[in-house]
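Colleague: Here you go, one structure.
The values are calculated or read from the model by the stated rules, or taken from the named source; none is laboratory data. If you're wondering where the values come from, they're calculated on a predicted model, not measured in any experiment. Cβ placement follows ideal geometry from the backbone for every residue including glycine, while neighbour counts extend to all protein chains displayed. The accessibility values were calculated without ligands, DNA or RNA, using every heavy atom of the protein model including side chains. Shrake-Rupley method; radii C 1.70, N 1.55, O 1.52, S 1.80 Å.
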Amino acid sequence: AQSVTQLDSQVPVFEEAPVELRCNYSSSVSVYLFWYVQYPNQGLQLLLKYLSGSTLVKGINGFEAEFNKSQTSFHLRKPSVHISDTAEYFCAVSALTQGGSEKLVFGKGTKLTVNP
Amino acid sequence: KAGVTQTPRYLIKTRGQQVTLSCSPISGHRSVSWYQQTPGQGLQFLFEYFSETQRNKGNFPGRFSGRQFSNSRSEMNVSTLELGDSALYLCASKLRGRSWSYQETQYFGPGTRLLVL
C-alpha cells in the first residue's frame, strides 16, 4: 500500500531564505506524486506534480521538486521564500484502489511559517 | 472556467443530527472525490463517484454516504453525527476522460467546515 511521510510538521524560516520541505513515499507500483498547498481557511491548490520524465519538476510560485527513485523522496524546494508562502504543504501519492479507481494518499502536512 | 464549488462553507450541527454537503465540479469533469481533513488524522479519502456510481470508498462507517447526479454534482451525507465528525470536508473533481487514470490532476474546492456540538 502506498504511504507518504512528511518528515517535518513545522518549518520556520526567514523571508528570502531558501526552504526545503521533505517528503518520502512508499509504493510498490509506479508512482505519481503531487505537492499541494493549503492557505488558511482555503482548500488545496496544486503546486506541482511528477508523472514521468524529468525528475526535476517546476511548479507555480517558484517552487520545484525533485523525484528521487532510489531514495523514494520527492522534496519540495524554493530558493527564496516570501511572507505569502506561509501555508501548509501536503505531499501526496496517487494510489490504486481495489475497484481500479485511484485516490490520493496524503502526508500529514508541513506548516511553513515565513518570518520577516 | 469556474473552479470546484462547495456549499455551505460553514455548518454547525449537534450530535445525532444529519447533514448534507454539496459539491459542484469543474464543468466537464465527471469524477468527484470527497476527503475529510482533521488535525489528528490529516486528509483521508472518503469516496469517489463517477457517472453516478460510487467507484470506491475509504475506511469510514456507513453513516457516511454520498451520491452523484447526472450533471456530475455530488452530495455527501453524514447521519447520526458524532463529535469526531467535526472536520473540513473537501471535494475534488477531475476529468476522468479514460476509464481510469491516475495521471489526472484533482482540483479541490474550498471545503465545508463542519462543527458538531
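Colleague: Going toward the positive end of the dipole of chain A, with +1 on Lys and Arg Cβ and -1 on Asp and Glu Cβ, which of A:113, A:6, A:70 do you reach last?
Modeller: Value: A:70.
Colleague: Next question. Please list the non-local residues whose amide H lies under 5 Å from the amide H of residue A:47, H modeled 1.01 Å from N, same-chain partners needing a gap of 5 or more.
Modeller: A:35, A:36, A:37
Colleague: Accessible area lost on pairing A with B, both sides, 1.4 Å probe, Å² to nearest 100?
Modeller: 2000 Å²
Colleague: Work out from phi, with θ = phi - 60° and the Karplus expression 6.51 cos²θ - 1.76 cosθ + 1.60, the ³J(HN,Hα) of each residue of the stretch B:21-33, listed in order in whole Hz, and give x for Gly and Pro.
Modeller: 10, 10, 9, 10, x, 4, 3, x, 7, 10, 10, 10, 10
Colleague: If you don't mind, there's one more thing I want to ask. Counting only other residues whose beta carbon sits under 12 Å from that of residue A:58, what net charge do I get with K and R as +1, D and E as -1?
Modeller: Here the charged neighbours net out to +1.
Colleague: Determine the sum of side-chain charges near residue B:52: Lys and Arg each +1, Asp and Glu each -1, restricted to other residues whose C-beta is under 10 angstrom from that of residue B:52.
Modeller: Local charge sum for residue B:52: +2.
Colleague: Here is a further query. With every protein chain present, what accessible area does residue B:80 have (1.4 Å probe, heavy atoms only), rounded to the nearest 10 Å²?
Modeller: Here the residue's solvent-accessible area equals roughly 80 Å².
Colleague: Please compare each pair in A:108/B:57; A:78/B:94; A:49/B:13; A:69/A:103 to a cut-off of 32 Å on the Cα-Cα distance and tell me which ones are over it.
Modeller: A:49/B:13
Colleague: Here's another thing I want to ask about it. Cβ under 12 Å from residue A:8's Cβ, residue A:8 left aside: what net charge do those residues give with Lys, Arg +1 and Asp, Glu -1?
Modeller: +1
Colleague: Residues of chain A: accessible area per residue at 1.4 Å, in Å²?
Modeller: Each residue of chain A exposes 48 Å² on average to a 1.4 Å probe.
Colleague: Now for a separate question. Take every Cα pair under 8 Å in chain B that's 6+ residues apart, average their separations, divide by the length, and report that relative contact order as a whole percent.
Modeller: RCO, chain B: 36 percent.
Colleague: At a 1.4 Å probe, what is the % contribution of carbon and sulfur to the accessible area of the protein assembly as shown?
Modeller: 49 percent
Colleague: Per-residue HN-Hα couplings for the stretch A:49-65, Karplus 6.51 cos²θ - 1.76 cosθ + 1.60 at θ = phi - 60°, whole Hz, x for Gly and Pro?
Modeller: 8, 10, 10, 5, x, 4, 6, 9, 10, 9, x, 7, 6, x, 7, 9, 9
Colleague: Using each residue's phi in the stretch B:6-14, evaluate 6.51 cos²θ - 1.76 cosθ + 1.60 at θ = phi - 60° and report the 3J(HN,Hα) Karplus result to the nearest Hz, with x for Gly and Pro.
Modeller: 10, 9, x, 7, 9, 8, 10, 10, 10
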